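Student: Structure below; questions to follow.
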Number of protein chains: 4
Amino acid sequence: MAPDASHAKATPEGLRIAGRIFGSRLLIGTAGYPNQQVMLDAISASGAEIVTASIRRVSLEGYAESLLDLLSGKHILPNTAGCETARDAVLTAQLAREALETEWVKLEVIGDRDTLYPDVEQLVRAAEELVKDGFVVLPYCNDDPVTCQKLADVGCAAVMPLGSPIGSGQGVANPAAIEMICARSSVPVILDAGVGTASDAVIAMELGCDGVLLNTAVSKAHDPVRMAAAMRDAVAAGAGARRAGRIPRRMHAEPSSPRLGLIGS
Amino acid sequence: MAPDASHAKATPEGLRIAGRIFGSRLLIGTAGYPNQQVMLDAISASGAEIVTASIRRVSLEGYAESLLDLLSGKHILPNTAGCETARDAVLTAQLAREALETEWVKLEVIGDRDTLYPDVEQLVRAAEELVKDGFVVLPYCNDDPVTCQKLADVGCAAVMPLGSPIGSGQGVANPAAIEMICARSSVPVILDAGVGTASDAVIAMELGCDGVLLNTAVSKAHDPVRMAAAMRDAVAAGAGARRAGRIPRRMHAEPSSPRLGLIGS
Amino acid sequence: MAPDASHAKATPEGLRIAGRIFGSRLLIGTAGYPNQQVMLDAISASGAEIVTASIRRVSLEGYAESLLDLLSGKHILPNTAGCETARDAVLTAQLAREALETEWVKLEVIGDRDTLYPDVEQLVRAAEELVKDGFVVLPYCNDDPVTCQKLADVGCAAVMPLGSPIGSGQGVANPAAIEMICARSSVPVILDAGVGTASDAVIAMELGCDGVLLNTAVSKAHDPVRMAAAMRDAVAAGAGARRAGRIPRRMHAEPSSPRLGLIGS
Amino acid sequence: MAPDASHAKATPEGLRIAGRIFGSRLLIGTAGYPNQQVMLDAISASGAEIVTASIRRVSLEGYAESLLDLLSGKHILPNTAGCETARDAVLTAQLAREALETEWVKLEVIGDRDTLYPDVEQLVRAAEELVKDGFVVLPYCNDDPVTCQKLADVGCAAVMPLGSPIGSGQGVANPAAIEMICARSSVPVILDAGVGTASDAVIAMELGCDGVLLNTAVSKAHDPVRMAAAMRDAVAAGAGARRAGRIPRRMHAEPSSPRLGLIGS
């Protein structure tokens, strides 16, 4: 029985983005925790090295200094959550760069406030402009291989297709699309949005993702710190299983023990 | 947003079967590895404390002593793989008790050699007889709540419903059935058969299983040792996520960041 | 592109059970309609020729004559719904034979009143006894190939595995199991229980079922008569698609139009 | 037991596009049949009134006249299959208008030749231009609610999101996305691409689609004419079930027969 070769392709040990290598493949958000201590404990339990925060929360609420202090040692990834046009997103990213002294940005340009789906046309435009301006751009996008290709072509450091709508907890709604994107992408693919529980993160990694970004699944869990630890294990499990090369799915049973020499036969 | 209470029910820290507590919730088989060293390394990487082996292989091939020596420190669980009648299974279990000096047995009574599905009528009969004879019986059974109830009623120490056919790698084919069995069972539920990759093990635990037993998914993986480690992480992730209480699935998006104070709004 | 040969196997034009041929592959129940007229209209719209009724309702409520009159022209299939032992089910079947002058019986022996799953041990015993007594037995059973084989072996005229729990509307919870049962069965396979909407019935037929039995999906729909007509079309669609031999599933796109001669290329 | 109200919303009897009403909700393609007679027989068996053809095939191969003659009585929908830019697609549509004397066009602008996913940026641009030029535009697009909204906003007469990649036969890969698009759309939603068998078409309709467009599922089936008839029934079944208002999915069983008055109780 040959293992499924398509799953056996080697995945590098760490997550490499824009020349930096991170030991953890889990990226985590900072919104919606019961309180700040739970947030800090959860982030710690998750093992995440990259932590994303809305620049609005960081800079406009006079919150920046303390949050930065609290998260020292983490790689801060400001995001442009809530922006609905390329122009707003670019402006917000620039504001974040100034406030946080980082050129990294998680680029969000949403198409409407109900679905929170990206507006891919505005997204590609904003990405292109920010790349030209020296940013390391990680865009939140659709599970659409053509848009992912365009984002890589304009110089994004990774692509971050949604698993399912933000905060929905539906997991990877279209595994075939994510697998196709991973198989074709020249830049790292990070599943962003939709993760609801540990198995969702494992599945994303097994499909070939290089990392998983999540927030609500941890911050709104009954026990955020325990869920954060579960997510750490989940990403490790999925990355390991992917590299290990799973057995093929079969329609029929296959005995694990040899059939010869049965007692009574 | 309230977490899903049905998932938040506490799961005890360890796997308790027949009064013994095991730190690991993963049970692993010994068949089909490329060689003995890979088997030992994989078992070690899996963290499993309970290791199952066909008594035929152990006792009839003059293999018993060395395998027992090699696995010293592990809790050996002989199985009756290949038995097709209650009578054969009982006989095989008794033989195992004598050879291995253990009263524990993984009870398999298959209904045919193609599907390897259990013959539940013979299974319940064999289980009842073995329990009366002092065995600690862990039966491989269907994902059928009525059969699981009968097996608990005759005194089995756990029930081990299949996820999907043995060796098929289809994972948990009927999650609703497994969830229903877990919700109703008075004894531990261990998913047995069908696991193909790490996410399958996580899903089983998230549905409420107390443990996972697998063999082929590790022994026939491209890299068994790496897959064993992934399975260790997977079971931990699933158990943790179950205890942590996942967020509910929603049909609609839910922003993780607050909507007030948007730049540009 | 070759069609999927496993789906192309010929299915006979009508549903043949115990030597009788029925033009419709849909079997329908009589319980739970808003009123009797809706029931009759729905049965008519469904095109079903076999109509099942609980013998309890038929005979004990003094309802028999009128229901029989109303359903004249239909093949009445009394069922033993609610029976929990072989003995009760046999008794109920005999009572039905006397009251309705039919040797046909839908055999139900449930294992508990919560899950309504069959008790397969009692079921096989009751089936065997009824077959010996001259009945045409159609048993409601698990999606378990071994139990289905036993039921065929004791002489049942068909097997009726559940798609999912009675009244749950979950559809075919384990398609691989139903497909395996269909591929191996020597008697007709009729999916019984769990159908919630038209696509569930289509899927059952595409998996190889010879017929579908349903009740709640129609009787409790918002518009039972319209749903009955939809189920008639669904069973026809599924049977037709099965016979027509579907295209294979592919991971990649395949243009329907030839690529040569593109304008602009 | 209340039916699921979200599914009970009324669907009009016919498919209304740009002021015209079609009795059939199935749209069918003309490519890839074994021969022309099978194509004609299949189209006839499908009951489709709208038939799509690549303008390249129609106009460039000197094939136009005969195909038009053969399909007289059908509403011809020329498509721009194979176009990769807005400019090419607009040019092709104009060519089609001249050759076929119709202002209707199925607009395809693919992003690459491997995935055949649309390039939504080019697509919206081409749609806008064609609408301004007086065309009735039916665009093949992603299962992306934001893109669908933009296409409706620029004046498209319908939107046609993919179920899964063209020719893949994967069916509706992301049912939640299709359902969301249907719930929000101000213009008819026609599932286009990915249908492999009858159940896929039923599911699309149950999710709220107003129609289904398919080609390969019929033309490459083992028996195209029989599959075409199955698709006709499938679309009717799905539309009927949607209108009828399905029962809710439940995690637990629900007896169809009343529990009182059981024999033996």
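Student: Is the C-alpha gyration tensor of the protein assembly as shown telling us rounded, prolate or oblate? Criteria: a/c under 1.5 is rounded; beyond that, a/b larger than b/c is prolate, otherwise oblate.
Tutor: oblate
Student: Using only protein heavy atoms and a 1.4 Å probe, report how much of residue D:186 is accessible, in Å² to the nearest 10.
Tutor: Number for this one is 100 Å².
Student: Hey, another quick one. With the full set of protein chains in place, find how many percent of the accessible area of chain C is carbon and sulfur; take the probe as 1.4 Å.
Tutor: 48 percent
Student: Same structure, new question: Let me understand the stretch D:174-256 better: what is its radius of gyration from the alpha carbons, and its Dmax, in angstrom?
Tutor: 14.3, 43
Student: Now, a different point. Report the longest stretch of chain C that contains none of the GluC sites (Glu not before Pro) sitting in a DSSP loop with at most 14 other Cβ atoms within 10 Å.
Tutor: C:102-265
Student: Going down the list A:150/D:132; A:106/A:220; B:132/C:132; C:74/C:220; A:106/A:150; A:150/A:220, which pairs span over 23 Å between their C-alpha atoms?
Tutor: Numbers: A:150/D:132 27 Å; A:106/A:220 21 Å; B:132/C:132 34 Å; C:74/C:220 21 Å; A:106/A:150 17 Å; A:150/A:220 34 Å.
Among A:150/D:132; A:106/A:220; B:132/C:132; C:74/C:220; A:106/A:150; A:150/A:220, the Cα-Cα distance tops 23 Å for A:150/D:132; B:132/C:132; A:150/A:220.
Student: Sticking with this structure for a sec: Distances from residue D:68 to the same position in the other copies: list them in nm, one decimal, shortest first, using label points 7 Å from Cα along Cα→Cβ.
Tutor: The answer, with the shortest distance listed first, is 6.7, 7.0, 8.9 nm.
Student: Given just the C-alpha atoms of the stretch C:23-242, how large is their convex hull per residue in cubic angstrom?
Tutor: 105 Å³
Student: Relative contact order (percent) for chain B, with alpha-carbon contacts under 8 angstrom and 6 or more residues of separation?
Tutor: Result for chain B is 22 percent.
Student: Using DSSP, restrict attention to beta bridges with both residues in the protein assembly as shown and report what percent are antiparallel, rounded to the nearest 5. Can you show the working numbers first?
Tutor: Details: 16 of 104 bridges.
Roughly 15 percent of the DSSP beta bridges within the protein assembly as shown come out antiparallel.
Student: Here's something else I'd like to know. Rounded, prolate or oblate: which one fits the stretch C:101-158, using the alpha carbon gyration tensor with axes a ≥ b ≥ c (rounded when a/c is under 1.5, else prolate when a/b beats b/c, else oblate)?
Tutor: Oblate shape, in that a/c is at least 1.5 and b/c is the bigger or equal ratio.
Student: Looking at B:86, B:116, B:105, which one has the Cα that reaches farthest to the positive end of the dipole of the stretch B:84-212 (charges on Cβ: Lys, Arg +1; Asp, Glu -1)?
Tutor: Value computed over the given set: B:105.
Student: Further question on the same structure: Under the definition of partner shielding as Cβ atoms of other protein chains within 10 Å of a residue Cβ, what is the mean value for peptide C:80-91?
Tutor: Partner-chain Cβ atoms within 10 Å, mean over residues of C:80-91: 3.
Student: Across peptide B:24-31, how many C-beta atoms of other chains are within 10 Å of each residue C-beta, on average? Provide the component values of the computation, followed by the final result.
Tutor: Details: counts 0, 0, 0, 0, 0, 2, 2, 4.
Per residue, the number of nearby Cβ atoms from other chains is 1 on average.
Student: Sticking with this structure for a sec: Would you calculate a helix-derived [θ] at 222 nm for chain C, using -39,500 (n - 2.57) for each DSSP H run of n ≥ 4 and dividing by the full residue count, to the nearest 500?
Tutor: After summing the helix terms and dividing by the residues of chain C, the value is -11500 deg cm²/dmol.
Student: Counting Lys and Arg as +1 and Asp and Glu as -1, each charge on the Cβ, what is the dipole of the protein assembly as shown about the Cα centre in debye, to the nearest 20?
Tutor: Dipole size: approximately 0 debye.
Student: If you don't mind, another one. I need the shape label for the stretch C:120-240. Rule: rounded when a/c is under 1.5, else prolate if a/b > b/c, else oblate, with a, b, c from the alpha carbon gyration tensor. Before the final figure, lay out each step's value.
Tutor: Numbers: a/c = 2.04, a/b = 1.70, b/c = 1.20.
It is prolate, given that a/c is not under 1.5 and a/b is the larger ratio.
Student: Just to be sure I understand: if you take the accessible area of chain D alone plus chain C alone and subtract the pair, with a 1.4 Å probe, what total do you get in Å², rounded to 100?
Tutor: Roughly 5700 Å².
Student: Also, quick follow-up: What number comes out for accessible area per residue over the stretch A:13-243 if the probe is 1.4 Å? Units Å², please.
Tutor: Values: 6990 Å² over 231 residues.
Roughly 30 Å² per residue, with all protein chains present.
Student: Which residues, if any, in the stretch D:130-154 have at least 10 Å² less accessible area in the whole protein complex than in the isolated chain, probe 1.4 Å?
Tutor: Listed by number, the residues meeting the 10 Å² cut-off are D:142, D:143, D:144, D:145, D:146, D:150.
The values are calculated or read from the model by the stated rules, or taken from the named source; none is laboratory data. Just so we're clear, the structure is a prediction, and the values are computed from it rather than from any experiment. Don't worry about glycine lacking a Cβ; one is built from the backbone with ideal geometry, like all the others, and counts go over all protein chains shown. Accessible surface areas use protein heavy atoms only, side chains included; no ligands, DNA or RNA. Shrake-Rupley method; radii C 1.70, N 1.55, O 1.52, S 1.80 Å.
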